[in-house]
1. With the condition being surrounded by fewer than 17 Cβ atoms within 10 Å (Cβ to Cβ), I'd like the strands (runs of 3 or more DSSP E) fully within the stretch B:1-56 carrying at least 2 qualifying residues.
2. Determine if the stretch A:58-71 includes at least one residue that is over 12 Å from the mean Cα position of the chain (by Cα), closer than 25 Å to residue B:104 by Cβ and within 14 Å of chain B (Cβ to nearest Cβ).
3. Considering each of B:109, B:88, B:73 in turn, give the residue that is facing another protein chain (nearest Cβ under 10 Å) and touching a strand residue (DSSP E or B) at 6+ places or on another chain (Cβ under 8 Å).
4. Kindly provide the set of residues from the stretch A:72-110 that are within 13 Å of chain B (Cβ to nearest Cβ), touching an Asp or Glu at 6+ places or on another chain (Cβ under 8 Å) and of a type outside the set (D, E, K, R), ordered by number.
5. Assuming residue B:62 fulfils every condition listed in (1) within 12 Å of chain A (Cβ to nearest Cβ); (2) buried (at least 18 other Cβ atoms within 10 Å of the Cβ) apart from one, which condition is it?
6. Taking into account only those residues within the stretch A:79-110 that are in contact with a Phe, Trp or Tyr (Cβ under 8 Å, 6 or more places away or on another chain) and polar (S, T, N, Q), which is nearest to residue B:41 (Cα to Cα)?
7. List pairs: first residue in the stretch B:1-22 and in contact (Cβ under 8 Å) with a residue 40 or more places away in the chain, second residue of a type in the set (Lys, Arg) anywhere in the structure, Cβ distance under 7 angstrom, at least six positions apart or on different chains.
8. Can you pull out every residue in the stretch B:60-74 that is touching a residue at least 12 places away in the same chain (Cβ under 8 Å) and either over 18 Å from residue B:88 (Cβ atoms) or touching a Lys or Arg at 6+ places or on another chain (Cβ under 6 Å) (or both)?
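Since every read-out is calculated from the coordinates, none of them should be taken as a lab result. Here the structure is a predicted model, which is why all the values come from computation and not from measurement. Cβ placement follows ideal geometry from the backbone for every residue including glycine, while neighbour counts extend to all protein chains displayed.
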Amino acid sequence: YMLTQPHSVSETPGKTVTISCTRSSGSIDDNFVHWYQQRPGSSPTIVIFEDRQRPSGVPDRFSGSIDRSSNSASLTISGLKAEDGADYYCQSYYSSNVVIFGGGTKLTVL
Amino acid sequence: EVQLVESGGGLVRPGGSLRLSCAASGFTFGDYWMHWVRQIAGKGLLWVARINRDGTGTSYADSVRGRFTISRDNAKNILYLQLSSLRDEDTAVYYCARWPVGTKDYGLDVWGQGTTVSVSS
């Protein structure tokens, strides 16, 4: 199956943005979804695990959710800051422990 | 400090081979499953392979199965990726990443800085 993300999103500082990740087949809650942030020139870092959990050190401005009706997961960033500008990737699994990534979304903070 | 440091990347001709290494420090390496993920310049993340804690179980992406081999040496705290029959489309930055499998799924929680593989004649 595939995980489809919007190619890009943009918003102004202080606002809220949501990035979607739609699963093409199977149910979005068949497997956990994780989210990664990748700033330019850096390695990815995890910002959400198990659909909605935040690792220690990740601001509570970052939140994750699952919507069964649209078969998608979402990453929401509130109170946008310039430093949030980055690429964001969703990740899930098939066949238990084979990893699949979404295509990535470029977030521009205007 | 928990750290993963990749090495071994370089320029190689199509059909050639290369072995990547990922040195782990700051944690008990043998307690974690490990993954390799690659990224073509300007493109997204692509999963390559994973290995379980003791090295007895591996999985590969269809695009590399039969050409790449993931392995580990828990005594030396090193993860490997042997790349063979390399193609132009294998050109990418290769990352190793840690996967804490247990009662919770923390995702790929630690990543290395990446090592660049360039396949060109």
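1. Numbers: elements: B:3-7, B:10-12, B:18-25, B:33-39, B:45-51.
Fully inside the stretch B:1-56 and qualifying: B:3-7, B:10-12, B:18-25.
2. Yes, some residue in the stretch A:58-71 is over 12 Å from the mean Cα position of the chain (by Cα), closer than 25 Å to residue B:104 by Cβ and within 14 Å of chain B (Cβ to nearest Cβ).
3. None of the others qualify; the one that does is B:109.
4. Answer for the stretch A:72-110, where residues must be within 13 Å of chain B (Cβ to nearest Cβ), touching an Asp or Glu at 6+ places or on another chain (Cβ under 8 Å) and of a type outside the set (D, E, K, R): A:73, A:104, A:105.
5. Evaluating residue B:62 over (1) within 12 Å of chain A (Cβ to nearest Cβ); (2) buried (at least 18 other Cβ atoms within 10 Å of the Cβ) leaves (2) as the failure.
6. A:105
7. Hits for this filter: B:4/B:98; B:8/B:19; B:14/B:87.
8. Of everything in the stretch B:60-74, those that are touching a residue at least 12 places away in the same chain (Cβ under 8 Å) and either over 18 Å from residue B:88 (Cβ atoms) or touching a Lys or Arg at 6+ places or on another chain (Cβ under 6 Å) (or both) turn out to be B:60, B:69, B:70, B:71, B:72, B:74.
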